[in-house]
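Reviewing the structure listed below.
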Amino acid sequence: MDTFPYESWEEAIADADGTTGYFTWAQSDMSVVLAILGIILAVLWMVWLTRNESQHLAHCSIELDEKWGI
């Protein structure tokens, strides 16, 4: 399926006047914004995962202490 409306890239570039045309992630600051958001979300997810695992292990530790009397 070919959805590119131009015959060549040169025609597409000539048709764009700087305010219209194709939006590409590589030519805009939006890629930087998305990268920063991705990094922030990844760090927040890792913090949540670490805290959740810590709580889970602490809970299991308490249950094992009660079960075995250690």
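Since every read-out is calculated from the coordinates, none of them should be taken as a lab result. A quick note: this is a predicted structure, and the numbers were derived from the prediction, not measured. Cβ: placed from backbone, ideal geometry, glycine included. Neighbour counts: every protein chain shown.
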Vicinal HN-Hα couplings computed from phi for the range 30-38 (Karplus, 6.51 cos²θ - 1.76 cosθ + 1.60; Hz; Gly/Pro x): 5, 5, 5, 4, 5, 5, 5, 4, x
Estimated distance in nm for a label pair at Y6 and H56, the labels positioned 7 Å out from Cα along Cα-to-Cβ: 5.0 nm
